[in-house]
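In what follows, a single structure is set out as structure tokens and then discussed.
What follows is calculated from the coordinates using simple rules that are stated; it is not laboratory data. A quick note: this is a predicted structure, and the numbers were derived from the prediction, not measured.
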């Protein structure tokens, strides 16, 4: 009986390996906002589909100094180059667009245990600013409140240093390696605007815009909060691209 179950398990495994990863261009979205492209280099992207991995969920090691290109025998190729991986599961993969990609169309495909899924085309832009949402508010920390995550119980006030988290802010200097988790601060090369209720704050109030050390694909914008009303809408803009509308900042 034991041998019979072992044989059945091996047979089932062989069948699963033969099923190619299934997804389409419409299944590739911004991992934070779930919006379609264009996606920026070094931004976090999700692929939704089926047969993407064998396991229910494997994550990249949080203590590593670089991101893997293989998780659970799954890889993602962008223009025939391995992309950094954050998580793979049977129905979803989170990966990072390689930081040295350029604007235009990119070819993406998933390979699981040597079985290749369809090669699809996704649009890339130089930047695609995206804020991290939580219940209608942008995720941010208040440096003047000990770095606490801003909430109704821990709102910010005028003059506080705000640390706003984002992805998709594009190229930085100095630029880490494609697979490296940044160990030091690195400033974005483009001009960043912070909009409160649709009005850009004084650029002098923005003290840093760049990578968050220790986190792959994560950026932060440090700015001094000017006088504003209660819970202003917040957006980040770079050139003609702006983060999603409708998110607010917890201010009292």
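Side notes on the structure shown:
- Candidates 218, 71, 173: whichever shows maximal mean-square fluctuation once the chain is modelled as a Gaussian network with Cα springs under 10 Å: 173
- Mean separation of Cα contacts under 8 Å, 6 or more apart, over the residue count of the range 20-124: relative contact order %: 32 percent
- For the range 130-242, the calculated P(r) over all alpha carbon pairs, in 5 Å bins from 0 to the bin holding the longest distance, is 2, 12, 22, 26, 20, 12, 5, 1, 0 percent.
- Judged by the gyration tensor of its Cα atoms, with axes a ≥ b ≥ c, the range 22-74 is oblate; a/c meets the 1.5 cut and b/c is at least as large as a/b.
- The C-alpha atoms of the chain define a longest principal axis, and helix 2-18 lies at about 60 degrees to it.
- The Cα atoms of the chain give a gyration tensor whose axes a ≥ b ≥ c have a/c of 1.5 or more with a/b greater than b/c, which makes the shape prolate.
- Beta bridges from DSSP with both residues in the range 20-124: antiparallel share about 95 percent, rounded to the nearest 5.
- Base-10 log of normalised Debye intensity for the range 202-252 (one unit scatterer per alpha-carbon) at q = 0.30 Å⁻¹: -1.23
- Within the chain, helix-based [θ] at 222 nm, where runs of 4 or more DSSP H residues each add -39,500 (n - 2.57), nearest 500: -2500 deg cm²/dmol
- Classified by the C-alpha gyration tensor, the range 68-145 has a prolate form. Its axis ratio a/c, with a ≥ b ≥ c, is 1.5 or above, and a/b is larger than b/c.
- Kirkwood Rh in Å, taken over the range 17-111 so that all alpha-carbon pairs contribute: 13.3 Å
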